[in-house]
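Here is the structure we will look at.
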Amino acid sequence: MSQLNPFALLRFTVFGLGLQCAGASILLAQTGSTGQDGLPAPGSREAMWPAPTAADWASPCLISWQRSFDDAVHVARQTGKPILICVNMDGEIASEHYAGIRYRRAETAELYAPYVTVIASVYRHTPRDFDEVGRRILCPRFGSVTCGEHIAIEPGLFDGFFEGQRVAPRHVMVELEESGTYSESYDIYYAFDTASVFEAIRSGIEKRPQPPVQPDLERDRLDLVSSRDNADRTQLEKSYSEGDVVFRRQLLKSLAKKDQPDQIGLLRLALYDLDVDLVKLARIRLAEAQTADSIDLISSALRVPTSEEEREALVGALERIGESSPRARTLAAVHRGLVATSATVDVANWAATIDEAPEEGVRNGLSLADPKLEYKAQASLAAPEDPASKLELAEAYLSFAVDPESTGRLAPQTGAAEKYKRLLYEDALRAAERAAELGSTSWRVTAVKALASTYLGRRQLGYESAQLALKEMPAGAEGWMAMATMALFAESRQRQISRAERSRATWPPEWLTDVNAAYSVLAKSPYGTAAQSAAHYDFLWRLGARDQAEVVLGEGVERFPSSWDLHARLRAVAFERGGLSALESAYEHMLGQLDVAPELVWYAGYASLVAAEFHRRASEAEAALAAYARGMELFEKTLADGDGPAIQGADHYIAMAHAGRSRMALESEDFETAMREILASFERHAEAAATLDGLGLTPVSTAQMLVARLIAAERLEEAALIQAALDSLDPKLLILPAFENVGARRGGAAGVRARRSGR
């Protein structure tokens with residue numbers, strides 16, 4: 001099994017971008033973290049930014065956020081209000097306080113009301129953004145936006161306003177100039193307390209001319225189609241859901257007016273409608289879309305079987321939008337390329353002729369060729385002008401070089417094996433070139449050149465040679481070298497597409513056709529690997545071919561059930577497709593099969609812990625506790641039944657589950673349970689104490705917050721007990737996470753800096 005990574009929870013998005021704390025470290029530098037009695041001082045970070053309780057999280061977020069920065073700009077121009085950019089980070093102590101307490105208070109909502117507000121956070125709090133009928137699933141942390149929206153907004157804000165530094169919490173006031181540029185009135189971070197932040201927000205509004213009061217007019221529901229305000233979009237979508245068929249058709253027809261914003265949320269609901277005529281009308285409206293906002297929905301619509309006419313219209317819309325959007329242009333090429341047949345790799349013939357079993361002596365896709373090398377060398381010396389013997393010698397050099405046991409045994413000194421391998425690659429390249437000079441025209445000559453050149457770092461030459469070799473290679477060619485060349489060919493096409501993407505150039509759909517065909521052959525080959533399955537999945541997923549990617553993933557997990565990388569992707573897909581229930585049910589189904597490997601039980605336990613953390617984000621305490629219990633039971637089963645790699649990390653994750661349950665008890669002010677669980681965590685696996693969970697919290701941070709709460713409740717003996725447990729840990733486990741250990745700095749008003757509206 002691949003090495004288990006305890007920090008790899010829930011990486012669907014840019015998880016762990018190096019966001020820095022904007023307050024906690026300052027308190028440590030200014031006040032110190034403990035008093036004379038060894039307990040936290042009254043002015044500690046835990047006292048300054050108390051953690052939200054379960055009741056706090058259950059309250060709704062009262063700040064009304066816009067769905068995108070472009071929407072915010074449009075609303076700001078329409079209303080005359082400035083924009084307030086807010087940045088938040090899971091697990092960071094001040095950010096937790098803002099998200100769980102301040103954003104849920106009426107006085108904070110009133111303070112923010114004169115602004116058009118947007119929220120940026122790179123962390124996902126719900127498994128998916130839309131349910132099975134197209135309704136938006138709002139983020140439980142921030143309320144009026146989906147997780148996809150507060151994640152997607154962050155990169156553009158970073159480029160436009162953050163000056164290369166990701167810091168949270170952060171508040172930036174942005175004014176729109178008549179020239180089309182932006183200016184910042186203030187940029188507050190590294191603040192000592194919330195009062196200084198709120199004072200800046202208050203004074204920022206008081207010092208500017210007030211916008212004209214907007215008349216409170218009652219608008220017809222059809223008028224809402226022209227608005228980009230989140231509240232109006234939400235009302236529009238609600239009207240569609242509650243309206244009859246006649247009204248829904250009228251609403252969809254009204255979207256055909258010129259200069260209307262693309263109402264993507266409305267069209268998504270229509271695409272899931274039970275009335276086939278409304279679905280058809282929604283596809284027509286979607287094919288008329290003009291902006292990049294529609295790209296994802298067009299791609300989703302193309303995942304459903306449609307008529308050729310409708311499919312062509314939707315792909316045509318991507319190509320039209322692609323004139324100004326590289327991503328749309330890419331998706332258009334993807335949908336063209338996936339339905340084509342490769343002219344280079346004949347998948348059908350390969351499937352019919354490929355070996356069902358590897359040659360004897362193959363390990364991890366590599367041929368153990370060292371017994372052959374001396375014989376091939378002698379044969380080549382005996383017939384120096386024979387191209388066939390030179391080619392066989394070249395292959396023997398190459399096979400010997402790629403086998404780590406062979407080179408490691410003959411060159412055991414540190415660093416010597418790599419030098420020895422390089423010499424063998426150079427020998428293989430020379431022998432292949434000599435075979436070509438002597439008249440060999442075999443594809444194997446070109447394949448040796450391709451692989452040896454790549455291993456020597458001459459990747460471009462290797463790619464070019466691999467493409468030539470594939471054109472000459474017959475379907476069903478035997479040996480690991482044929483499949484290694486196939487993999488290199490797929491990589492070369494991927495690089496070509498990636499280079500075109502980076503330069504925003506158009507690339508031929510046939511390149512994707514070739515990638516898909518090559519990986520399809522590798523998936524059936526005994527020389528295929530889990531890494532190739534992951535690479536194929538990632539490439540298709542990144543390009544937007546998600547249905548095809550999921551098929552590749554399912555086949556990969558079935559073939560390589562111990563692959564950490566494939567299971568990580570499987571969890572992400574299950575989340576997006578069916579939410580938490582789908583995640584755990586997917587593993588329940590696999591555990592119901594015969595001959596279940598201990599590693600699969602381990603992964604099922606891990607999936608339950610992931611589910612528990614998402615239930616916590618949604619304030620679903622009972623479901624979270626049940627998921628934790630299932631995960632711990634499965635890890636205990638792994639320890640009882642497995643050995644070696646199958647039990648790696650089980651104690652670690654049981655300790656993390658105890659810490660998670662302790663945090664939940666703390667939020668419910670159940671101090672006895674919180675104490676019992678955190679002590680059980682330290683006892684089970686103390687080395688886990690500094691590990692971040694999926695919510696950005698560590699067992700140590702939970703224990704420290706528990707001590708502060710116990711002191712506040714005047715339960716000093718119990719506080720001393722938990723503090724003693726903390727003091728008994730290795731001191732290195734008490735060091736703050738990197739995102740909180742940033743030194744005593746403070747940012748204030750950043751001045752006025754003009755921004756181009758295009759960012």
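Determine, yes or no, whether Leu297 is under 21 Å from Val225 (Cβ atoms) and either surrounded by 15 or more Cβ atoms within 10 Å (Cβ to Cβ) or modelled with pLDDT under 85 (or both).
Here the answer is yes, as Leu297 does meet what is asked.
Exactly one residue among Phe158, Phe142 is touching a strand residue (DSSP E or B) at 6+ places or on another chain (Cβ under 9 Å), among the aromatic types (Phe, Trp, Tyr), outside any strand (DSSP E or B) and surrounded by fewer than 20 Cβ atoms within 10 Å (Cβ to Cβ), and that residue is Phe158.
Of all residues in segment 229-247, which are in contact (Cβ under 8 Å) with a residue 60 or more places away in the chain, surrounded by fewer than 19 Cβ atoms within 10 Å (Cβ to Cβ) and farther than 20 Å from Glu132 by Cα?
Step one: list which residues in segment 229-247 are in contact (Cβ under 8 Å) with a residue 60 or more places away in the chain, which gives 229-231, 233-234, 237, 241.
If we keep only those that are surrounded by fewer than 19 Cβ atoms within 10 Å (Cβ to Cβ) as well, we get 231, 234, 241.
Correct list: Ala231 only.
Number of residues in segment 248-292 that are farther than 30 Å from Ser324 by Cα and either touching a helix residue (DSSP H, G or I) at 6+ places or on another chain (Cβ under 6 Å) or in contact (Cβ under 8 Å) with a residue 24 or more places away in the chain (or both): the value is 6. Before we move on, is Trp480 aromatic (Phe, Trp, Tyr) and more than 28 Å from the chain's Cα centre (by Cα)? Against the criterion (aromatic (Phe, Trp, Tyr) and more than 28 Å from the chain's Cα centre (by Cα)), Trp480 qualifies.
Examine segment 47-61 for a residue that is in contact (Cβ under 8 Å) with a residue 40 or more places away in the chain, buried (at least 22 other Cβ atoms within 10 Å of the Cβ) and either part of a strand (DSSP E or B) or in contact with a strand residue (DSSP E or B) (Cβ under 8 Å, 6 or more places away or on another chain) (or both), and state whether such a residue exists. Looking for residues that are in contact (Cβ under 8 Å) with a residue 40 or more places away in the chain, buried (at least 22 other Cβ atoms within 10 Å of the Cβ) and either part of a strand (DSSP E or B) or in contact with a strand residue (DSSP E or B) (Cβ under 8 Å, 6 or more places away or on another chain) (or both), one finds none in segment 47-61, hence no. Across segment 126-139, the number of residues qualifying as more than 19 Å from the chain's Cα centre (by Cα) and outside any strand (DSSP E or B) comes to 5.
Filter segment 397-426 down to residues that are surrounded by 11 or more Cβ atoms within 10 Å (Cβ to Cβ) and outside any helix (DSSP H, G or I) and give me whichever is modelled with the lowest pLDDT. The selected residue is Ala411.
Of all the criteria given as (1) of a type in the set (Lys, Arg); (2) modelled with pLDDT under 85; (3) crowded, with 16+ Cβ neighbours inside 10 Å, the one not satisfied by Arg329 is (2). Within segment 120-131, residues that are over 18 Å from Leu297 (Cα atoms) reach partners that are part of a strand (DSSP E or B) and not basic (Lys, Arg) with beta carbons closer than 6 Å, at six or more positions or on different chains, in the pairs Ala120/Val87. Look at segment 635-652: where a residue is more than 18 Å from Asp595 (Cβ to Cβ) and part of a helix (DSSP H, G or I) and a partner is at pLDDT 75 or above and of a type in the set (D, E, K, R), sitting 6+ places away or on another chain with Cβ atoms under 7 Å, you get Asp651/Arg684.
Here segment 175-201 is the region considered, the condition is being free of Cβ contacts under 8 Å to residues at least 60 places away in the same chain and among the acidic types (Asp, Glu), and the residue that is nearest to Ala76 (Cα to Cα) is Glu178. For first residues located in segment 459-470 and modelled with pLDDT under 95, partners that are not in a helix (DSSP H, G or I) and lie 6+ apart or on another chain with Cβ distances below 7 Å form the pairs Leu470/Thr344; Leu470/Val345.
Against the condition surrounded by 17 or more Cβ atoms within 10 Å (Cβ to Cβ), modelled with pLDDT of 90 or more and under 24 Å from Ser300 (Cβ atoms), how does Val573 come out, does it pass? Taking the combined requirement at face value, the residue does not satisfy it. For segment 707-715, the criterion of being of a type in the set (Val, Ile, Thr), closer than 28 Å to Tyr123 by Cα and touching a residue at least 60 places away in the same chain (Cβ under 8 Å) is met by at least one residue.
Taking the criterion of being closer than 11 Å to Cys86 by Cα and in a helix (DSSP H, G or I), the only residue of segment 104-125 that qualifies is Tyr112. Restricting segment 654-697 to residues that are modelled with pLDDT under 95 and among the hydroxyl-bearing types (Ser, Thr, Tyr), which is surrounded by the fewest Cβ atoms within 10 Å (Cβ to Cβ)? Going through the qualifying residues, I end up with Ser668.
The values are calculated or read from the model by the stated rules, or taken from the named source; none is laboratory data. No experiment lies behind these values; they were computed from the predicted model shown. FYI the Cβ positions are ideal-geometry reconstructions off the backbone, even for glycines, and counts take in every protein chain you see.
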